[in-house]
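Take a look at the structure below.
The values are calculated or read from the model by the stated rules, or taken from the named source; none is laboratory data. Just so it is clear, the structure is predicted and the values come from calculations on it, not from any experiment. Using ideal geometry, Cβ is built from the backbone for each residue, glycine included, and neighbour counts are taken over all protein chains shown. To get the accessible areas, we keep the full protein, side chains included, count just its heavy atoms, and leave off ligands, DNA and RNA. Shrake-Rupley method; radii C 1.70, N 1.55, O 1.52, S 1.80 Å.
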Amino acid sequence: MRIFISGGCKNGKSTLAKQLAISQNTGAGLYYVATMIPTGEDDVRRIARHRADREGDGFTTIEHPRNISRLLSVYPADGSFLVDSLTALMQNEMFRADFHDRDAYRRVIPQLTRVLDAFENIVIVSDFIYADAQRYDALTERYRESLAHIDRAVAAQCDTVIEVAYSCITVHKGELIT
Amino acid sequence: MKLIIGGAYQGKLDYALSRFELHKSDVYSCKETTMTIHTKKPIIYGFDQWILALVRAEFNVQTEVDKLLPKLADKIIISTDISAGVVPLDSIIRAWREEVGRATVKLAQNADEVVRLFVGIPTRLK
């Protein structure tokens, strides 16, 4: 199944996503698509720790902070994939060291569409950052809007859409078969 | 009254236009300077923005909401949920957030249907 998961931070999205990806593994390979770019030594250590944890769960880590469509043709179509997260992917695609691509989502959506077309067993995680009263600068607001665009495109293509709130699950679309 | 809520960019307006077979010309859009909502068009968009205008102008928000309610019986109201973040430092934004909460509860209590959008997907709450 193609499964989209969103919700607040530290609410249990990644834990659920890992369980679902493991349960969808047919034996053709279990892949964790890492999207974070470390910004300091703390990050490097945290990423190494998470990676070791996942290896214990049987995941192979693929580093793809940008250009997610590079997954295509390299990995088996019947593998089980976990992409965590669209939040980081959108950030990396939009904010480069030397420029900001305000229209990055227009490039990213077709890439994600192709990835979802190719891989049937995939879990994609994002973050719900849309219900606060904070007023952001124009670029941050553009980032929120862009992430929402890719969330909605992915959710539309997924079989199942789940909201996680403090480990509680709401299924907004499809069914959750575990 | 139909009330459509959800976070920013979740597809509230797209949903309303598609479900009720309406067009952008059927939408009255509130800005953060809108002091009076005109109720000629079937969809009233940005209810939360109107509340911000009232807060800034130091109106009694709930009195204004009560006055408006009878005119909303056959309307589709769209409001953005701003209730789920950290308490804002700015006192105006803090008051806005609370007044939108109170006002949206009133709308929901008076609505025959409340729909929440989440990544483009509607869920009927009432």
If you go through segment B:1-29, how many residues are of a type outside the set (Gly, Ala, Ser) and in contact with a Leu (Cβ under 9 Å, 6 or more places away or on another chain)? 13
Check A:122, A:162, A:177 and return the single one that is among the hydrophobic types (A, V, I, L, M, F, W, C), away from chain B (no Cβ under 13 Å) and touching a strand residue (DSSP E or B) at 6+ places or on another chain (Cβ under 6 Å). A:122
Would you check which residues across segment B:2-17 are part of a helix (DSSP H, G or I) and either within 13 Å of another protein chain (Cβ to nearest Cβ) or in contact with a Pro (Cβ under 6 Å, 6 or more places away or on another chain) (or both) and list them? B:12, B:13, B:14, B:15
Whichever residue in segment A:130-139 is more than 8 Å from chain B (Cβ to nearest Cβ) and of a type in the set (A, V, I, L, M, F, W, C) and, among such residues, is farthest from residue B:48 (Cα to Cα): A:139
Can you give me the ranges of the helices (runs of 4 or more DSSP H) entirely in segment B:18-126 with at least 2 residues that are aromatic (Phe, Trp, Tyr) and either free of Cβ contacts under 8 Å to residues at least 24 places away in the same chain or on the phi < 0 side of the Ramachandran plot (or both)? B:47-56
Here's a check for you: in segment A:125-159, which residue that is touching a strand residue (DSSP E or B) at 6+ places or on another chain (Cβ under 7 Å) and β-branched (Val, Ile, Thr) is farthest from residue A:10 (Cα to Cα)? A:154
Would you point out the residue of segment B:40-72, among those that are among the aromatic types (Phe, Trp, Tyr) and within 26 Å of residue B:14 (Cβ to Cβ), that is most open to solvent (accessible area, probe 1.4 Å)? B:45
